[in-house]
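Take a look at the structure set out below.
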Amino acid sequence: MANPEHPINSNSAVLYHEEGPVAVITLNRPSRYNAFNDALIQGLNTSLDQAAADPNIRVIILRGAGPGFSAGADLGLFAGVTPEQGRDYIKSNYRPLMRKFCDLPKPIIGAIHGTAAGVGCALALACDLRVMTEDASFRYAFINIGLGPDGGAGWFLARAVGYSRAMEIACSGEKIGADRCLELGLTNRIAPVGEMMAFALEWANELAQKAPIALGITKADLQFAIDHTLDETVDFEADQQMAAFSSEDLREGVGAFLAKRPPRFKGK
């Protein structure tokens, strides 16, 4: 039985609840289309830390409450700030948050409905895997108000689709529908409208049956591989594999394979 949603901070900007081995993190500023502010950033950091520290949680789902995923930054946040203050805010708040998504050793599924815009796109692409509803869209809207990408939005986009396509998307500022996102590799799967969470939970529970240590190793290996040479990656994988070699889960996996039965991984 699922635990009830509860706020992760006093402002209720982020909600957290558990569905068995799955942590569900909900952006909860629906009246502002889940735009980023201090409370939301703090709540995301706290909820990710909570999920990372809980050995019973194996997979995380990130979603938005209300009509859509996230409109990006709350523009009121930057009203009246100097260029230096804006720069420092991005570096001190966005950078550690996006780094946490990449470094957390558990798969994160972004469940996207409505629109993900601006730094909301960066947040969606920071997730390891994504499912979008049929009517959902991405919009790199920075250019439409005279900004360049921030919060890692350019980095995630270029890694996902390559430089030329990233330039086209970021410079047009146009909506990209779910079907096109699937073609470009911006989403892994598409769910019918109204079935996104059921779809995401089914996927998350499938992943939760895998060996948790191996899931963490796999994520770290692939994050490393994109920016390093073959030789560096082989060495990194070898070092990472030491944790798997010493795990009970490896012995369970091999034993289950030989016995022709499903494995029962414990994350040990």
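Quick notes
- Electrostatic bookkeeping for Ile190 treats Lys and Arg as +1 and Asp and Glu as -1; over the other residues with beta carbon under 9 Å from its beta carbon, the sum is -1.
- Taking the centroid of alpha carbons for each part, the range 41-104 and the range 155-217 are 18 Å apart.
- Gain upon complete extension [Lys266, His228; 0.36 nm per residue less C-alpha separation]: 10.5 nm
- For the range 94-105, 3J(HN,Hα) per residue [Karplus equation, 6.51 cos²θ - 1.76 cosθ + 1.60, θ = phi - 60°, Hz, x = Gly/Pro]: 5, 4, x, 5, 5, 4, 5, 4, 6, 8, 5, x
- Summing Lys and Arg as +1 and Asp and Glu as -1 over all other residues whose Cβ lies under 11 Å from the Cβ of His113 gives a net charge of -2.
- Sites Phe236 and Leu75, calculated FRET efficiency, Cβ-Cβ separation with R0 35 Å, nearest 0.05: 0.30
- Cβ-based exposure ranking for Thr187, Thr82, in which fewest neighbours within 10 Å come first: Thr82, Thr187
- Bridges between two residues of the range 7-95, per DSSP, are antiparallel at a rate of about 50%.
- Under 29 Å from the Cα of Lys268 - lysines, other chains or at least 8 residues apart: Lys100, Lys106, Lys210, Lys219, Lys260
- √(5λ) per eigenvalue of the Cα gyration tensor, the range 213-268, largest first, Å: 26, 10, 10
- With Rh defined as the Kirkwood radius, the inverse of the mean 1/r over Cα pairs, the Rg/Rh of the chain is 0.98.
- Residue-wise HN-Hα couplings along the range 197-202, as the Karplus relation 6.51 cos²θ - 1.76 cosθ + 1.60 with θ = phi - 60° gives them from phi, are 5, 4, 5, 5, 5, 4 Hz; Gly and Pro carry x.
- The label point for Lys100 and the one for Asn188, both projected 7 Å from the Cα toward the Cβ, are 2.2 nm apart.
- At an R0 of 22 angstrom, the distance between the Cβ atoms of Ala244 and Gln50 translates into a FRET efficiency of 0.30.
- Neighbour net charge for Asn56 - beta-carbon separation under 14 angstrom, K R +1, D E -1: +1
- Beta bridges from DSSP with both residues in the chain: antiparallel share about 35 percent, rounded to the nearest 5.
Every number here is computed from the coordinates shown, using simple stated rules; none is lab data. Note that the coordinates shown come from a computational prediction; the quantities given were computed from them, not determined experimentally. Reconstructed Cβ throughout: ideal geometry from the backbone, glycine too, with neighbour counts over all protein chains shown.
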